[in-house]
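Here the structure is laid out as C-alpha coordinates; the discussion comes afterwards.
The values are calculated or read from the model by the stated rules, or taken from the named source; none is laboratory data. Quick caveat, the model's predicted, so the values are computed rather than measured. Every residue, glycine as well, gets a Cβ built from its backbone with ideal geometry; the counts of neighbours run over all protein chains shown.
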Amino acid sequence: MQVRKRGSIMLMTLIMAGLYITAAVAQSPNSKGIWISNEEIAKLPTSGKAWEHLKSTADGSTGSPDVSDQDDDTNVKVMAKALVYARTGDESYRTDVINACMAAIGTERGGRTLALARELIGYVIAADLVGLPSDKDQQFRAWLRETLTENLSGKTLVSTHEDRPNNWGTHAGGSRVAVARYLGDQTELERCAQVFKGWLGDRSSYSDFSYGDLSWQADRSNPVGVNPAGAVKDGHSIDGALPDDMRRGGSFKWPPGETGYAWEGLQGALAQAEILHRAGYDAWNWENQALKRAAQFLDDIGWQAGSDDTWQPWLINYRYGTNFPAKLPSTPGKNVGWTDWTHGSSREDGGGTTGIEGKVENNATGSAVEGAAVQLKQGSTVRYEATSNSFGRYSFTDIAAGDYILFSAKSGYQDWTGNVTIQDKRQLFGQNIRLVPIGDSESPSPPANVRVTVAD
(Lines give C-alpha, C1' and ligand atoms only; values in the text may rest on other atoms or scores of the structure.)
Protein backbone atom coordinates (compact mmCIF):
# COMPACT_ATOMS: atom_id res chain seq x y z
CA MET A 1 0.00 0.00 0.00
CA GLN A 2 2.82 2.34 0.84
CA VAL A 3 4.44 1.73 -2.55
CA ARG A 4 1.16 2.35 -4.35
CA LYS A 5 0.61 5.52 -2.36
CA ARG A 6 4.05 6.82 -3.22
CA GLY A 7 3.48 5.92 -6.88
CA SER A 8 0.18 7.76 -6.89
CA ILE A 9 1.79 10.81 -5.34
CA MET A 10 4.60 10.72 -7.92
CA LEU A 11 2.05 10.35 -10.75
CA MET A 12 -0.01 13.27 -9.49
CA THR A 13 3.15 15.34 -9.16
CA LEU A 14 4.11 14.60 -12.76
CA ILE A 15 0.60 15.37 -13.99
CA MET A 16 0.56 18.65 -12.11
CA ALA A 17 4.02 19.48 -13.42
CA GLY A 18 2.89 18.70 -16.94
CA LEU A 19 -0.16 20.92 -16.56
CA TYR A 20 2.00 23.71 -15.22
CA ILE A 21 4.40 23.44 -18.13
CA THR A 22 1.50 23.54 -20.60
CA ALA A 23 0.14 26.70 -18.99
CA ALA A 24 3.55 28.32 -18.77
CA VAL A 25 4.35 27.94 -22.47
CA ALA A 26 0.97 29.15 -23.69
CA GLN A 27 2.59 32.50 -24.36
CA SER A 28 5.80 32.48 -26.35
CA PRO A 29 8.80 31.86 -24.09
CA ASN A 30 10.62 34.44 -26.23
CA SER A 31 7.92 37.07 -25.72
CA LYS A 32 9.24 40.48 -24.76
CA GLY A 33 5.95 41.38 -23.13
CA ILE A 34 5.58 44.28 -25.54
CA TRP A 35 1.98 44.88 -24.40
CA ILE A 36 1.48 42.50 -21.48
CA SER A 37 3.57 39.86 -19.70
CA ASN A 38 3.10 36.11 -19.24
CA GLU A 39 2.66 36.56 -15.53
CA GLU A 40 -0.05 39.17 -15.92
CA ILE A 41 -2.02 37.13 -18.43
CA ALA A 42 -1.92 34.06 -16.18
CA LYS A 43 -3.77 36.03 -13.48
CA LEU A 44 -6.55 37.36 -15.71
CA PRO A 45 -10.06 35.87 -15.39
CA THR A 46 -11.80 33.59 -17.85
CA SER A 47 -15.24 34.89 -17.01
CA GLY A 48 -17.04 38.22 -17.05
CA LYS A 49 -18.16 40.58 -19.80
CA ALA A 50 -14.67 41.61 -20.89
CA TRP A 51 -13.49 38.00 -21.29
CA GLU A 52 -16.72 36.93 -23.00
CA HIS A 53 -16.41 39.70 -25.56
CA LEU A 54 -12.73 38.94 -26.13
CA LYS A 55 -13.28 35.20 -26.54
CA SER A 56 -16.33 35.63 -28.74
CA THR A 57 -14.22 37.73 -31.10
CA ALA A 58 -11.34 35.27 -30.94
CA ASP A 59 -13.70 32.41 -31.80
CA GLY A 60 -14.77 34.16 -34.99
CA SER A 61 -12.96 34.60 -38.27
CA THR A 62 -10.32 37.29 -38.54
CA GLY A 63 -11.05 37.92 -42.19
CA SER A 64 -8.26 38.65 -44.65
CA PRO A 65 -5.59 41.09 -43.47
CA ASP A 66 -5.34 44.31 -45.44
CA VAL A 67 -2.83 46.70 -43.92
CA SER A 68 -3.49 49.21 -46.72
CA ASP A 69 -7.06 49.67 -45.42
CA GLN A 70 -6.96 52.12 -42.53
CA ASP A 71 -10.34 50.88 -41.29
CA ASP A 72 -9.64 47.14 -41.45
CA ASP A 73 -10.30 45.55 -38.04
CA THR A 74 -8.50 42.28 -38.75
CA ASN A 75 -5.56 43.53 -36.68
CA VAL A 76 -7.53 43.75 -33.41
CA LYS A 77 -9.26 40.44 -34.12
CA VAL A 78 -5.84 38.82 -34.50
CA MET A 79 -4.78 40.46 -31.25
CA ALA A 80 -7.87 38.92 -29.59
CA LYS A 81 -6.91 35.45 -30.77
CA ALA A 82 -3.37 35.94 -29.49
CA LEU A 83 -4.58 37.00 -26.05
CA VAL A 84 -6.96 34.04 -25.76
CA TYR A 85 -4.19 31.68 -26.85
CA ALA A 86 -1.84 33.17 -24.27
CA ARG A 87 -4.43 32.60 -21.54
CA THR A 88 -5.72 29.14 -22.57
CA GLY A 89 -2.92 27.49 -24.53
CA ASP A 90 -5.36 26.39 -27.25
CA GLU A 91 -3.14 25.92 -30.31
CA SER A 92 -5.95 26.64 -32.78
CA TYR A 93 -5.81 30.32 -31.83
CA ARG A 94 -2.04 30.40 -32.30
CA THR A 95 -2.36 28.82 -35.73
CA ASP A 96 -4.82 31.51 -36.78
CA VAL A 97 -2.51 34.24 -35.52
CA ILE A 98 0.51 32.84 -37.35
CA ASN A 99 -1.44 32.56 -40.58
CA ALA A 100 -2.76 36.10 -40.27
CA CYS A 101 0.66 37.58 -39.54
CA MET A 102 2.06 35.89 -42.63
CA ALA A 103 -0.91 36.98 -44.75
CA ALA A 104 -0.47 40.60 -43.66
CA ILE A 105 3.02 40.86 -45.17
CA GLY A 106 3.06 43.15 -48.18
CA THR A 107 -0.61 44.17 -47.94
CA GLU A 108 0.38 47.70 -46.94
CA ARG A 109 1.42 48.48 -50.51
CA GLY A 110 -0.87 50.92 -52.24
CA GLY A 111 -2.04 52.42 -48.97
CA ARG A 112 -1.02 55.46 -46.94
CA THR A 113 1.19 55.61 -43.87
CA LEU A 114 -1.91 56.29 -41.73
CA ALA A 115 -3.21 52.84 -42.63
CA LEU A 116 0.13 51.18 -41.88
CA ALA A 117 0.38 53.16 -38.65
CA ARG A 118 -3.04 52.07 -37.42
CA GLU A 119 -2.87 48.47 -38.55
CA LEU A 120 0.67 47.22 -37.93
CA ILE A 121 0.88 47.37 -34.14
CA GLY A 122 -1.85 44.76 -33.62
CA TYR A 123 0.03 42.16 -35.65
CA VAL A 124 3.30 42.91 -33.85
CA ILE A 125 1.74 42.47 -30.40
CA ALA A 126 -0.02 39.29 -31.54
CA ALA A 127 3.18 37.79 -32.92
CA ASP A 128 4.97 38.60 -29.68
CA LEU A 129 2.23 36.87 -27.66
CA VAL A 130 2.16 33.59 -29.59
CA GLY A 131 5.73 33.27 -30.89
CA LEU A 132 6.13 32.65 -34.61
CA PRO A 133 7.98 29.56 -35.88
CA SER A 134 11.61 30.37 -36.67
CA ASP A 135 11.29 30.48 -40.46
CA LYS A 136 8.14 32.58 -40.36
CA ASP A 137 9.60 34.83 -37.69
CA GLN A 138 12.51 35.64 -40.01
CA GLN A 139 10.08 36.64 -42.77
CA PHE A 140 8.03 38.70 -40.33
CA ARG A 141 11.08 40.49 -38.97
CA ALA A 142 12.33 41.32 -42.45
CA TRP A 143 8.94 42.80 -43.27
CA LEU A 144 8.84 44.85 -40.06
CA ARG A 145 12.26 46.28 -40.81
CA GLU A 146 11.08 47.24 -44.28
CA THR A 147 7.91 48.95 -43.01
CA LEU A 148 9.88 51.52 -41.03
CA THR A 149 11.24 53.24 -44.14
CA GLU A 150 8.90 51.98 -46.88
CA ASN A 151 7.68 54.85 -49.10
CA LEU A 152 3.89 55.06 -49.11
CA SER A 153 2.52 58.06 -51.00
CA GLY A 154 5.67 60.03 -50.32
CA LYS A 155 5.87 59.29 -46.60
CA THR A 156 7.32 56.56 -44.38
CA LEU A 157 6.31 55.31 -40.96
CA VAL A 158 9.34 57.05 -39.46
CA SER A 159 8.84 60.35 -41.28
CA THR A 160 5.14 60.40 -40.37
CA HIS A 161 5.99 59.88 -36.70
CA GLU A 162 8.55 62.67 -36.77
CA ASP A 163 6.56 65.16 -38.86
CA ARG A 164 2.85 64.87 -38.06
CA PRO A 165 1.92 66.00 -34.50
CA ASN A 166 -1.64 64.64 -34.70
CA ASN A 167 -3.37 61.28 -35.07
CA TRP A 168 -1.19 60.40 -38.07
CA GLY A 169 1.98 60.83 -36.06
CA THR A 170 0.80 59.23 -32.85
CA HIS A 171 -0.42 56.10 -34.65
CA ALA A 172 2.86 55.96 -36.57
CA GLY A 173 4.71 56.20 -33.28
CA GLY A 174 2.67 53.35 -31.79
CA SER A 175 3.53 50.97 -34.62
CA ARG A 176 7.11 52.21 -34.84
CA VAL A 177 7.85 51.62 -31.16
CA ALA A 178 6.19 48.18 -31.31
CA VAL A 179 8.42 47.24 -34.24
CA ALA A 180 11.50 48.52 -32.41
CA ARG A 181 10.67 46.38 -29.38
CA TYR A 182 9.95 43.29 -31.46
CA LEU A 183 13.22 43.65 -33.36
CA GLY A 184 15.18 44.44 -30.21
CA ASP A 185 16.47 47.62 -31.85
CA GLN A 186 17.52 49.81 -28.93
CA THR A 187 18.66 52.69 -31.14
CA GLU A 188 15.28 52.85 -32.85
CA LEU A 189 13.53 52.54 -29.50
CA GLU A 190 15.49 55.44 -28.04
CA ARG A 191 14.62 57.60 -31.03
CA CYS A 192 10.94 56.74 -30.58
CA ALA A 193 11.16 57.83 -26.95
CA GLN A 194 12.80 61.14 -27.87
CA VAL A 195 10.15 61.99 -30.47
CA PHE A 196 7.29 60.99 -28.18
CA LYS A 197 8.64 63.03 -25.29
CA GLY A 198 8.92 65.99 -27.63
CA TRP A 199 5.32 65.55 -28.74
CA LEU A 200 4.21 65.50 -25.10
CA GLY A 201 5.79 68.94 -24.68
CA ASP A 202 9.54 68.59 -24.07
CA ARG A 203 10.81 70.60 -27.03
CA SER A 204 14.42 70.05 -25.92
CA SER A 205 13.88 66.36 -26.65
CA TYR A 206 12.36 66.87 -30.11
CA SER A 207 10.59 69.78 -31.85
CA ASP A 208 10.71 69.29 -35.63
CA PHE A 209 7.01 68.62 -36.16
CA SER A 210 5.03 70.44 -38.87
CA TYR A 211 2.03 72.06 -37.22
CA GLY A 212 -1.17 73.33 -38.80
CA ASP A 213 -3.39 76.10 -37.42
CA LEU A 214 -1.71 77.26 -34.20
CA SER A 215 -4.78 78.84 -32.59
CA TRP A 216 -5.16 75.98 -30.08
CA GLN A 217 -1.52 76.23 -28.98
CA ALA A 218 -0.78 77.70 -25.55
CA ASP A 219 2.35 79.28 -27.06
CA ARG A 220 2.30 79.80 -30.83
CA SER A 221 6.06 80.30 -30.94
CA ASN A 222 6.69 77.00 -29.15
CA PRO A 223 4.01 74.58 -30.38
CA VAL A 224 3.63 71.15 -28.79
CA GLY A 225 1.50 68.02 -29.13
CA VAL A 226 -0.11 68.40 -25.68
CA ASN A 227 -0.64 71.81 -24.11
CA PRO A 228 1.34 72.33 -20.88
CA ALA A 229 -0.05 72.21 -17.35
CA GLY A 230 -1.91 75.36 -16.40
CA ALA A 231 -2.39 76.58 -19.98
CA VAL A 232 -5.24 79.09 -20.32
CA LYS A 233 -6.60 80.95 -23.34
CA ASP A 234 -9.25 83.67 -23.26
CA GLY A 235 -10.05 82.63 -19.71
CA HIS A 236 -10.57 78.96 -20.60
CA SER A 237 -8.32 76.10 -19.55
CA ILE A 238 -6.64 74.40 -22.49
CA ASP A 239 -4.33 72.41 -20.21
CA GLY A 240 -3.99 68.97 -21.82
CA ALA A 241 -5.61 69.87 -25.13
CA LEU A 242 -4.11 68.25 -28.26
CA PRO A 243 -3.81 71.40 -30.40
CA ASP A 244 -3.14 69.78 -33.77
CA ASP A 245 -6.15 67.47 -33.35
CA MET A 246 -8.44 70.05 -31.74
CA ARG A 247 -7.91 72.31 -34.78
CA ARG A 248 -9.67 69.65 -36.87
CA GLY A 249 -12.88 70.95 -35.30
CA GLY A 250 -11.96 74.49 -36.34
CA SER A 251 -9.80 77.30 -35.03
CA PHE A 252 -9.91 78.05 -31.32
CA LYS A 253 -13.36 78.96 -30.04
CA TRP A 254 -15.42 78.23 -26.96
CA PRO A 255 -17.10 75.83 -26.68
CA PRO A 256 -14.74 73.91 -28.98
CA GLY A 257 -15.88 72.70 -32.39
CA GLU A 258 -16.71 69.00 -32.33
CA THR A 259 -14.07 66.57 -33.60
CA GLY A 260 -13.30 62.93 -32.95
CA TYR A 261 -9.64 63.39 -33.77
CA ALA A 262 -8.63 64.34 -30.22
CA TRP A 263 -9.55 60.91 -28.87
CA GLU A 264 -8.10 59.21 -31.96
CA GLY A 265 -4.83 61.06 -31.51
CA LEU A 266 -4.71 59.63 -28.01
CA GLN A 267 -5.09 56.08 -29.37
CA GLY A 268 -1.58 56.18 -30.79
CA ALA A 269 -0.20 58.18 -27.87
CA LEU A 270 -1.43 55.70 -25.26
CA ALA A 271 0.03 52.82 -27.26
CA GLN A 272 3.41 54.54 -27.34
CA ALA A 273 3.31 55.26 -23.61
CA GLU A 274 2.42 51.70 -22.65
CA ILE A 275 5.07 50.07 -24.83
CA LEU A 276 7.75 52.55 -23.74
CA HIS A 277 6.76 52.08 -20.10
CA ARG A 278 7.24 48.32 -20.42
CA ALA A 279 10.61 48.97 -22.03
CA GLY A 280 11.74 50.92 -18.97
CA TYR A 281 10.81 54.51 -19.85
CA ASP A 282 8.79 56.67 -17.46
CA ALA A 283 6.51 57.73 -20.30
CA TRP A 284 3.26 57.91 -18.33
CA ASN A 285 4.75 60.61 -16.09
CA TRP A 286 6.47 62.69 -18.75
CA GLU A 287 5.50 66.38 -18.97
CA ASN A 288 3.46 66.48 -15.79
CA GLN A 289 1.51 63.35 -16.70
CA ALA A 290 0.54 64.82 -20.06
CA LEU A 291 -1.71 61.93 -21.06
CA LYS A 292 -3.70 62.14 -17.85
CA ARG A 293 -4.14 65.86 -18.44
CA ALA A 294 -5.23 65.17 -22.02
CA ALA A 295 -7.93 62.78 -20.85
CA GLN A 296 -9.00 65.24 -18.15
CA PHE A 297 -9.37 68.05 -20.70
CA LEU A 298 -11.65 65.93 -22.87
CA ASP A 299 -13.67 64.85 -19.86
CA ASP A 300 -14.00 68.44 -18.66
CA ILE A 301 -15.45 69.61 -21.96
CA GLY A 302 -17.88 66.70 -21.97
CA TRP A 303 -16.25 64.67 -24.73
CA GLN A 304 -16.27 61.19 -23.22
CA ALA A 305 -14.75 58.30 -25.14
CA GLY A 306 -17.18 56.56 -27.46
CA SER A 307 -17.20 53.94 -30.19
CA ASP A 308 -13.69 52.59 -30.90
CA ASP A 309 -12.15 54.92 -28.32
CA THR A 310 -13.78 53.16 -25.36
CA TRP A 311 -10.73 50.96 -24.74
CA GLN A 312 -8.72 54.02 -23.78
CA PRO A 313 -10.22 54.96 -20.38
CA TRP A 314 -9.46 51.45 -19.08
CA LEU A 315 -5.76 51.90 -19.79
CA ILE A 316 -5.72 55.48 -18.49
CA ASN A 317 -7.51 54.48 -15.29
CA TYR A 318 -5.15 51.53 -14.85
CA ARG A 319 -2.02 53.64 -15.16
CA TYR A 320 -3.15 56.73 -13.27
CA GLY A 321 -5.69 55.37 -10.79
CA THR A 322 -8.30 57.70 -12.27
CA ASN A 323 -12.01 57.04 -12.73
CA PHE A 324 -12.86 58.24 -16.20
CA PRO A 325 -16.04 56.64 -17.57
CA ALA A 326 -15.13 53.19 -18.92
CA LYS A 327 -17.59 51.21 -21.03
CA LEU A 328 -17.91 47.48 -20.42
CA PRO A 329 -17.37 45.67 -22.64
CA SER A 330 -15.25 48.17 -24.50
CA THR A 331 -14.80 48.37 -28.26
CA PRO A 332 -11.28 47.81 -29.64
CA GLY A 333 -9.66 50.73 -31.38
CA LYS A 334 -8.09 51.26 -34.76
CA ASN A 335 -4.75 50.00 -33.47
CA VAL A 336 -5.20 47.94 -30.28
CA GLY A 337 -7.91 47.04 -27.78
CA TRP A 338 -9.20 44.59 -25.18
CA THR A 339 -7.92 46.72 -22.30
CA ASP A 340 -11.11 46.12 -20.31
CA TRP A 341 -9.68 42.59 -19.88
CA THR A 342 -5.90 43.17 -19.95
CA HIS A 343 -5.89 46.35 -17.88
CA GLY A 344 -9.23 46.43 -16.18
CA SER A 345 -10.50 43.04 -15.08
CA SER A 346 -10.16 43.89 -11.39
CA ARG A 347 -12.39 46.91 -12.08
CA GLU A 348 -14.97 45.06 -14.17
CA ASP A 349 -17.78 46.23 -11.94
CA GLY A 350 -17.89 49.43 -13.97
CA GLY A 351 -14.85 51.31 -12.77
CA GLY A 352 -14.42 50.07 -9.22
CA THR A 353 -15.70 53.28 -7.64
CA THR A 354 -19.06 54.31 -6.25
CA GLY A 355 -20.41 57.56 -7.62
CA ILE A 356 -22.47 59.63 -10.01
CA GLU A 357 -21.67 62.24 -12.62
CA GLY A 358 -23.43 64.29 -15.24
CA LYS A 359 -24.09 67.74 -16.58
CA VAL A 360 -26.25 70.66 -15.45
CA GLU A 361 -28.10 72.17 -18.40
CA ASN A 362 -30.57 74.98 -19.10
CA ASN A 363 -33.86 73.19 -19.74
CA ALA A 364 -34.94 75.84 -22.25
CA THR A 365 -31.78 76.00 -24.37
CA GLY A 366 -29.81 72.85 -23.53
CA SER A 367 -26.71 74.95 -22.84
CA ALA A 368 -24.37 74.22 -19.93
CA VAL A 369 -25.07 75.90 -16.59
CA GLU A 370 -21.87 76.86 -14.82
CA GLY A 371 -21.68 77.41 -11.06
CA ALA A 372 -24.76 75.42 -10.12
CA ALA A 373 -24.72 73.88 -6.67
CA VAL A 374 -25.19 70.11 -6.77
CA GLN A 375 -25.76 68.11 -3.60
CA LEU A 376 -26.37 64.54 -2.55
CA LYS A 377 -28.61 64.54 0.52
CA GLN A 378 -30.13 61.99 2.83
CA GLY A 379 -33.14 63.57 4.47
CA SER A 380 -32.15 67.14 5.28
CA THR A 381 -28.48 66.24 5.70
CA VAL A 382 -26.12 67.18 2.87
CA ARG A 383 -23.67 64.30 2.43
CA TYR A 384 -21.72 65.52 -0.59
CA GLU A 385 -21.45 68.82 -2.45
CA ALA A 386 -20.10 69.91 -5.84
CA THR A 387 -20.31 72.85 -8.23
CA SER A 388 -20.81 72.50 -11.98
CA ASN A 389 -17.82 73.65 -14.04
CA SER A 390 -17.74 75.83 -17.16
CA PHE A 391 -19.11 72.90 -19.16
CA GLY A 392 -21.85 72.27 -16.65
CA ARG A 393 -20.24 69.06 -15.47
CA TYR A 394 -20.41 67.72 -11.91
CA SER A 395 -19.20 64.48 -10.38
CA PHE A 396 -19.11 62.58 -7.10
CA THR A 397 -16.70 59.66 -6.75
CA ASP A 398 -15.66 57.34 -3.93
CA ILE A 399 -18.87 57.96 -2.02
CA ALA A 400 -20.99 55.64 0.10
CA ALA A 401 -23.58 53.56 -1.72
CA GLY A 402 -27.21 54.22 -0.86
CA ASP A 403 -30.38 56.15 -1.61
CA TYR A 404 -29.93 59.88 -2.05
CA ILE A 405 -31.77 63.04 -2.92
CA LEU A 406 -29.95 64.66 -5.85
CA PHE A 407 -30.45 68.41 -5.52
CA SER A 408 -29.35 71.34 -7.66
CA ALA A 409 -29.82 75.09 -7.38
CA LYS A 410 -28.67 78.17 -9.27
CA SER A 411 -29.74 81.79 -9.12
CA GLY A 412 -32.24 82.50 -11.89
CA TYR A 413 -33.46 78.90 -12.01
CA GLN A 414 -36.01 76.80 -10.16
CA ASP A 415 -34.53 74.32 -7.68
CA TRP A 416 -34.29 70.77 -8.98
CA THR A 417 -34.71 67.60 -6.90
CA GLY A 418 -34.53 63.94 -7.81
CA ASN A 419 -34.23 60.61 -6.00
CA VAL A 420 -31.40 58.34 -7.01
CA THR A 421 -30.02 54.98 -5.86
CA ILE A 422 -26.27 54.58 -6.13
CA GLN A 423 -25.03 51.01 -5.98
CA ASP A 424 -21.76 49.90 -4.43
CA LYS A 425 -18.81 50.01 -6.86
CA ARG A 426 -21.00 51.43 -9.62
CA GLN A 427 -20.53 54.77 -11.32
CA LEU A 428 -23.68 56.32 -12.79
CA PHE A 429 -22.79 58.25 -15.93
CA GLY A 430 -24.81 60.78 -17.90
CA GLN A 431 -27.04 61.83 -15.02
CA ASN A 432 -27.88 65.24 -16.48
CA ILE A 433 -29.82 67.84 -14.53
CA ARG A 434 -32.01 70.26 -16.50
CA LEU A 435 -32.69 73.46 -14.59
CA VAL A 436 -35.83 75.35 -15.51
CA PRO A 437 -35.36 79.14 -15.77
CA ILE A 438 -37.60 81.11 -13.41
CA GLY A 439 -40.75 82.06 -15.28
CA ASP A 440 -40.63 78.95 -17.48
CA SER A 441 -43.35 76.45 -16.51
CA GLU A 442 -42.08 73.55 -18.65
CA SER A 443 -41.13 70.48 -16.63
CA PRO A 444 -37.69 68.92 -17.28
CA SER A 445 -37.17 65.37 -18.45
CA PRO A 446 -35.40 63.21 -15.84
CA PRO A 447 -32.14 61.41 -16.60
CA ALA A 448 -31.94 57.64 -16.32
CA ASN A 449 -32.11 56.23 -12.79
CA VAL A 450 -33.49 59.50 -11.37
CA ARG A 451 -37.06 60.31 -10.36
CA VAL A 452 -37.36 64.08 -10.60
CA THR A 453 -39.49 66.89 -9.17
CA VAL A 454 -39.21 70.64 -9.51
CA ALA A 455 -39.77 72.83 -6.50
CA ASP A 456 -42.49 75.50 -6.70
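Numbers at a glance
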| quantity | calculated |
| --- | --- |
| ILE105 vs. criteria closer than 27 Å to ARG87 by Cβ, surrounded by fewer than 20 Cβ atoms within 10 Å (Cβ to Cβ) and among the β-branched types (Val, Ile, Thr) | yes |
| Qualifying residue in segment 325-340 (condition: surrounded by 18 or more Cβ atoms within 10 Å (Cβ to Cβ) and part of a helix (DSSP H, G or I)) | yes |
| Residue match in segment 173-185 (condition: touching a residue at least 12 places away in the same chain (Cβ under 8 Å) and in a loop (DSSP other than H, G, I, E, B)) | yes |
| Within segment 409-455, tally of residues that are modelled with pLDDT of 75 or more and loosely packed, with under 13 Cβ neighbours inside 10 Å | 5 |
| Some residue of segment 156-172 being at positive phi and touching a residue at least 12 places away in the same chain (Cβ under 8 Å) | no |
| Residue selected from segment 359-377 under the condition touching a Gly at 6+ places or on another chain (Cβ under 7 Å) and assigned to a strand (DSSP E or B), by the criterion modelled with the lowest pLDDT | ALA368 |
| Any chance SER47 is in the same structural domain as GLY333 (by TED's automatic domain parsing), assigned to a loop (DSSP other than H, G, I, E, B), among the hydroxyl-bearing types (Ser, Thr, Tyr) and touching a residue at least 40 places away in the same chain (Cβ under 8 Å) | no |
| Output for segment 263-291, where each listed residue is closer than 18 Å to PRO165 by Cα and within 12 Å of the chain's Cα centre (by Cα) | TRP263, GLU264, GLY265, LEU266, GLN267, GLY268, ALA269, LEU270, ALA271, GLN272, ALA273, LEU291 |
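Residue-by-condition table, conditions (1) surrounded by fewer than 18 Cβ atoms within 10 Å (Cβ to Cβ); (2) in the same structural domain as TRP35 (by TED's automatic domain parsing); (3) part of a loop (DSSP other than H, G, I, E, B):
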| position | (1), (2), (3) |
| --- | --- |
| VAL195 | no, yes, no |
| VAL224 | no, yes, yes |
| LYS253 | yes, yes, yes |
| GLU264 | no, yes, no |
| LEU276 | no, yes, no |
| GLU287 | no, yes, no |
